[in-house]
Structures are given as C-alpha cells and as structure tokens.
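A short worksheet on the structure shown next.
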Amino acid sequence: MSRLLSDPERDQLFSLARILIPASATMPAADEIENLGILLGRAAAACGYASDAIAQALAKLPHAISWESIRRYAAESPEDFAILSTIASGAYYMAAEVLDKLGFPESRQQPADMEEFVNELESGVFEPVIARAPSFRTVSDSA
Amino acid sequence: MGDSTLKADVVIIGAGPAGAVAAHTLASQGFSVVCLEQGDWANPADFPGNRPEFELELQQRWSWNPNTRGRAQDYPMNLDSAEVVPIMFAGVGGSSLLYGAMWMRLLPSDFRVKTLDGICDDWPIDYDELEPYYRRIDAFLGVAGMGGDPAYPPQDYDMPPHPIGRSGLRMARALNDLGWHWWPGTNAIPSAKFKKMAKCVRWGVCETGCPAGAKASFDLGYWPHAIAAGAQLITGARARRITVDALGLATGVEWIDRNGTEQHQAAATVILAANGVGTPRLLLLSETNQFPNGLANSSGLVGKNLMLHPNNEVLGLYGEDLQSWKGPAGQLIYSMEFYETDPSRGFYGGSKLNLMPVPGILRLLENFDSLPFEQRWGAAIHDLGRFAGRAMSWAGNIEDLPEETNRVVLDAELVDSDGVPAPKIEYTISENTQRNLDFALDRMTDMHRAAGAEHIFRQPLWKEAPGHLLGTARMGDNPQRSVVDRWGRAHDVPNLFIVDGSVMVTSGAVNPTATIAAMALRTAEHIATTARDTRGIS
C-alpha cells in the first residue's frame, strides 16, 4: 500500500512537477500552487501504488532534474515515469485554483432542476426520434 | 466445522442484484431466507467520487479489476488466457455498487436468435413472458426514463428521466442530422428522492460508487426491504461448496466465516446468485463422486459459453463548454441504431451505444499519453487540459455470441484468501465479435464527427470492462444442451436454482442487470408458488 511521503521524496516530486507543468498565459505553474506539497502527499496516498513501486520510481529519478533529464527518464523508465507523472499531475489538478482557472467546478454536485428536462423536451430536438417508426424485430420478421 | 445453523427454507449465495431480489421476494412471502455474502456492506462515504483525488483512487484501491484491488473479500482470477477481464466487486449489492445503472431491457429478438438469425439457440422464454417482471422491478427501484422509445415495444417509467445536458443535446442534434436513433438515457438512478435513495446530484461517478447514495445499487435499492421482510444476510461468508445428499438433492452450503472457521448452512432450497464467474466456480467446486464433473453439470456446459460484452469507446473533445462533469454516468443518451442484426454488415448481432460524461481531468489527459514527451508535458499540458469539461464519450456495448471455448474453469494453483481454488478465465474475442467491435467503433467516430469534435480518440477495446458476466449455466428445455430449465432450476438437482447472468442463453447487447433482476424475480416467485413440490419447504 502507499504510505506517506518523506520530505526528500516530496521535494523530488515537487521538482518533477515543476518541470512537467510550467506556467502558461492562463494557468499557474505547479510550483506556484500554494499547497502543492500537501497535495502531492494526498495524491501519493490516494494512487494506491505500492510503496516499493513509488520508492523505486523515485530512486531512479535523476538527481539533477531538468527538462532533458526527465525526458530521458520517461523514455528509459516509462512505468516509473507513469507512476510519478500521475501523482504530479493528479496533485496539480486537485488544486482549487487550477480547477477555477479551467472553469471546472471544485464540487461537481449539481442536482438538476425539475424544469431542466422539460426545457430540453420542448426544444424540439426530440421530435425526429419520437416520430420514428418502431425498429425492433419480432418473430414474425423471421425468414 | 462449526455447528450447523438452523435449517432455512432457502439459502442464497451472493448478495448482488439477483440475490437481493430473490431474498426480498421469498422473505416477503414468509420463507426463512439466509443469504451468504463474501463481501461487506459499503458505506457511500467510502466511495471516492466526491474527493479531489478520486481519479487517483481509481488506479488501484477502487479499480474495477478485483486482481488490481487485491482485497481479501474478492477472489483472484487467473487471467493469463483472458482477452477481456471479467470485472466484479464482492459486497452487499455486488457489482451494482460500481455499475453505471444503465437500465436496459433485452429486445424481443434477443430471445429468438435461432429463429430470426439461424444461429445459437432460442431462449425457452420470450420477451412477453419476462415483460411484467421487468415492469415490476422498474417500479420497485424507481427507474428514471422516458417511455415511447421506438426501438422497444411499449414501455414507460414512473420516474422522470434525467436531463441529457449540453453533451446530450449536441450529440442528439448530430444524430438527428444522421437520421440515427437515440433516446434519453434510462437509468436506475432516481431523479427524485425515492425510498432509501437520495435524488441524483450528478457527481458523474456512478461507475465508481455513488457517494450520495443516489443510485439503485442493490444494497440501497433492495436489501433494506429484504431485511425488513425478514431475510437474514451474513457478510464475510465465503461459500465453498454446495452439499448434496445421497438422493442428489442439495442440502445446504458449506461456507467459511471471517475467522476461517468452516460452517454449514442447511436449507431446503439452494439459490446461486454468485454471477457468471462465481456460480460456475461453485458448481465446479461442488464435485462429488455422485457429480464427478461438478454439480448440475451432466450437460458438460457449466462454465462454458462465457459472454462478456466487450466494450470500446470513442472520446470526442469539443470547443464548446459541455459541462462534461455532469452526471449521471449512467447514460445521457443511448442509440439502438445498430442493435439488430443486419446481414449486410458482415456479422451477427449488434451493439448498444451510450453517451457518457467525462468528469475527470486525468482520464481526459490519459488519451494523450501516446504523444511524444514534448507534446504531452511542459507547456503542452495546458493545451490539452483546456478540454476539461469539453469532452464526451461514446461507449459501445457489443453483443457477444456463446462459444463453448470461452469458459470458466478452476485454476490448478491459484486460491482465494480462504484457500479455495480460484477461477481461471479462458476468453478469446471471436471473429464475429471483433467485426462487431470494429463496426461500432467506426459508427461512434461518425457520431463525433457529425457533432463537430475537434479531436477524436478511438479505444478499440476496454480490456477491463464492463462486468457483464453471462451464459455459463445457460437455461433451456433440453438437459443435454442446458444447465437449468426455464425457471432456473438445475436439471440435475431439483432444489438448486440459479438466478444470475449465468442462465442467459444469448447476451443481447444491452446492460444485463435489468434482465437479471427480472429473471430473479420470476424464478423466486416460481420457487414460492411451487414450494410444495420442493422437499422441506412448508
């Protein structure tokens, strides 16, 4: 089972996230996320990968983390990279400020109003399919 | 072995949909019912879907694949020879805890494949015989849908359907332009509070457990009522074999409790509701000198004809904000345009296609994993991430034809956490099914193109889906060609019944839980009405 990250492991993942997810004109960089360290810990605990698998992937991570060294790591150790990049990007997209920038609700809980389906029904989009003739086969259709 | 408990009228193995319906039906009619369930109750608060890290939890802990989850309650499977993984979940409610609650009936033609298409076998019953049971289950569970679908004989629902949302509307217009069938999704997900279930709040994570308790998984939809009617449910109870007497009648079930102690539940009637893998596993485990090839297996068909409904998917990314996190998932709309056999397509059978939301960002980004590193990471990730909320997914549920070479057998070495031999799955996608898969993939692509998708991703096969486990103890009138009769009664063992998807003769192409539940209701009522013929039931 996954376990809590040590501080050095968290630092390694932080450095990886900084390389994988830089800032854009509209989106923050991973290392600009206020609580990224906490989110990385939650992500590592949630992913369910075996503790040994995470430790092994981190052990292979280059000491000098750069775009080029991570690109090589991804090519040479794709399974290890998949684990760590999932944790890094998973933590990033857990951040409230990232979801907000994407227009993605932090809470997706949105019960429907009773009128919502009625409005769709009255939009006219259902009319062609309601007007279709029955299409199911019966035994009388056998040759 | 522990002391035998009091003899019950009925012992049921498995507390999934079929076991729940059978338990409620028989307990309501005054029978003493004991149900043995190897898993536990699930708490909706345990499901990950309302937590920010929910997609990460799906990687392992809440994986659909029991081998990946690795819980003691689930049994492992040898999948070395399986092109599709038969996913399942052990617990009260069974795999319905993780199902999408897409609530579809078989069509009349599904019961008459031999008559209409000249292949496979007809069922010993037909649509009209099952229709009243479908209707009663729908009403009991509060199925939400809109009647009048021209792909079906007349049907209607008490609960209004869910909105189809921006995704559904956009795709519906595209299908109208193509002249293809679609219909708003029918889901066993209440659109208003109903009995023990809350109103759907559209988390969009139905297939990983509803965190709001707003899905008709059978722990909510049926078990509270079965227990109120007097059924006794024992969790942490792993059935090990069905016991028989010298006359060849079932006498009960040998099972292992949480402490590893063997117990025996005596009963006048045994009902298997352990799904299309667990049921043949138990029948094969129940071999004796009297039944050397496994119980109820004089036909040699126990475990054979496994049908899994291979699924595929086409994901579309759009420029418009589709609010694609909004559930239910569940199906927003479905299409039966390609359901019925059309010889011009070059294969038998068809597919049911369902449009689903895409509530997670990681799932969206996974589609780009094959891109070169520099197009996937760095600045590129934001170009890809902008499609969050702008995706919709067509999934194809593909009819699988019965093949005796697709089967469940006992593994020679692998055992579960109680040391009971585990199943081995031998399953190959047939040429007919592959053609069906390919055809459905192309049509779902056409749908996204017609709807104006900016990017389209084709997934030719979901290896770990959909958990439709069918056909391994088929029903029929001929004991040489079937395991159970038209009522689910084993030809070889008159007080042994099977009520899960094992009994299905052909698979159709729809999600099978509605049919399994209707069949379980029909069988349970038959058991009740014919109780005098069955030894011991008063």
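The values are calculated or read from the model by the stated rules, or taken from the named source; none is laboratory data. What you see is a predicted model, and the numbers here were worked out from it, not measured in a lab. So basically every Cβ, Gly included, is an ideal-geometry build from the backbone, and we count neighbours across all protein chains shown. Only protein heavy atoms, including side chains, enter the accessible area calculation; ligands, DNA and RNA are left aside. Shrake-Rupley method; radii C 1.70, N 1.55, O 1.52, S 1.80 Å.
Residues that are within 13 Å of chain A (Cβ to nearest Cβ) and surrounded by fewer than 24 Cβ atoms within 10 Å (Cβ to Cβ) were ranked within segment B:314-324; the one that is nearest to B:LYS199 (Cα to Cα) is B:GLN323. Quick one: in segment A:60-118, which of the residues that are within 30 Å of B:ILE164 (Cα to Cα), among the small types (Gly, Ala, Ser) and in a helix (DSSP H, G or I) is nearest to the other protein chains (Cβ to nearest Cβ)? Ranking the qualifying residues of segment A:60-118, first place goes to A:GLY90. Pick from segment B:95-112 the residues that are assigned to a helix (DSSP H, G or I) and open to solvent by 10 Å² or more (accessible area, probe 1.4 Å): which of them is farthest from the other protein chains (Cβ to nearest Cβ)? By that ranking, first place goes to B:SER95. Regarding B:ALA27, is this residue among the aliphatic types (A, V, I, L, M), modelled with pLDDT of 95 or more, in a helix (DSSP H, G or I) and more than 20 Å from the chain's Cα centre (by Cα)? Here the answer is yes, as B:ALA27 does meet what is asked.
Summed over segment B:60-87, the residues that are over 24 Å from B:ASN259 (Cα atoms), assigned to a loop (DSSP other than H, G, I, E, B) and away from chain A (no Cβ under 14 Å) give a count of 5. A:MET27 satisfies every condition listed in (1) in contact with a Phe, Trp or Tyr (Cβ under 9 Å, 6 or more places away or on another chain); (2) within 10 Å of chain B (Cβ to nearest Cβ); (3) in contact (Cβ under 8 Å) with a residue 24 or more places away in the chain except (1). Only residues that are without any contact (Cβ under 8 Å) to a residue 60 or more places away in the chain and either closer than 19 Å to B:TYR339 by Cβ or assigned to a helix (DSSP H, G or I) (or both): list them for segment B:153-180, please. Correct list: B:PRO153, B:PRO154, B:GLN155, B:LEU169, B:ASN176, B:GLY179.
Of all the listed residues (B:GLU413, B:GLU403), the sole one being open to solvent by 50 Å² or more (accessible area, probe 1.4 Å) and within 16 Å of B:LEU308 (Cα to Cα) is B:GLU403. Among residues of segment A:5-20 that are without any contact (Cβ under 8 Å) to a residue 60 or more places away in the chain, those with a Cβ under 6 angstrom from a residue that is in a helix (DSSP H, G or I) and open to solvent by 30 Å² or more (accessible area, probe 1.4 Å), sequence gap 6+ or separate chain, pair up as A:ARG18/A:ASP31; A:ILE19/A:TRP67. Reported count of residues in segment A:122-143, each being open to solvent by 70 Å² or more (accessible area, probe 1.4 Å), more than 7 Å from chain B (Cβ to nearest Cβ) and either charged (D, E, K, R) or within 21 Å of B:ASP177 (Cβ to Cβ) (or both), is 3. Residues in segment A:75-127 that are at pLDDT 95 or above and among the hydroxyl-bearing types (Ser, Thr, Tyr): A:SER77, A:SER85, A:THR86, A:SER89, A:TYR92, A:TYR93, A:SER123. If you check B:THR68 against the conditions, is it surrounded by fewer than 20 Cβ atoms within 10 Å (Cβ to Cβ) and closer than 27 Å to B:VAL358 by Cβ? Considered against the rule, which asks whether it is surrounded by fewer than 20 Cβ atoms within 10 Å (Cβ to Cβ) and closer than 27 Å to B:VAL358 by Cβ, B:THR68 comes out as yes. Counting only residues that are outside any strand (DSSP E or B) and open to solvent by 20 Å² or more (accessible area, probe 1.4 Å), segment B:228-268 holds 12 of them. For segment B:418-435, filtered to residues that are crowded, with 16+ Cβ neighbours inside 10 Å and either in contact with a Ser or Thr (Cβ under 6 Å, 6 or more places away or on another chain) or without any contact (Cβ under 8 Å) to a residue 24 or more places away in the chain (or both), the residue that is farthest from B:GLY303 (Cα to Cα) is B:GLN434.
Look through B:PHE347, B:PHE373, B:PHE338 and report the one residue that is at the interface with another protein chain (Cβ under 8 Å from one of its Cβ atoms) and at pLDDT 95 or above. Step through it out loud before you land on a result.
Working: B:PHE347 fails: at the interface with another protein chain (Cβ under 8 Å from one of its Cβ atoms); B:PHE338 fails: at the interface with another protein chain (Cβ under 8 Å from one of its Cβ atoms).
Among B:PHE347, B:PHE373, B:PHE338, only B:PHE373 is at the interface with another protein chain (Cβ under 8 Å from one of its Cβ atoms) and at pLDDT 95 or above.
Is there a residue in segment A:44-63 that is open to solvent by 50 Å² or more (accessible area, probe 1.4 Å), farther than 18 Å from B:ARG376 by Cβ, touching a Lys or Arg at 6+ places or on another chain (Cβ under 8 Å) and of a type outside the set (A, V, I, L, M, F, W, C)? No, segment A:44-63 contains no residue that is open to solvent by 50 Å² or more (accessible area, probe 1.4 Å), farther than 18 Å from B:ARG376 by Cβ, touching a Lys or Arg at 6+ places or on another chain (Cβ under 8 Å) and of a type outside the set (A, V, I, L, M, F, W, C). Considering the conditions (1) modelled with pLDDT of 95 or more; (2) of a type in the set (D, E, K, R); (3) open to solvent by 40 Å² or more (accessible area, probe 1.4 Å), B:ARG535 is excluded by exactly one of them, (1). Residue check: B:ASN311 meets all listed conditions (1) more than 19 Å from the chain's Cα centre (by Cα); (2) away from chain A (no Cβ under 14 Å) but one, namely (1).
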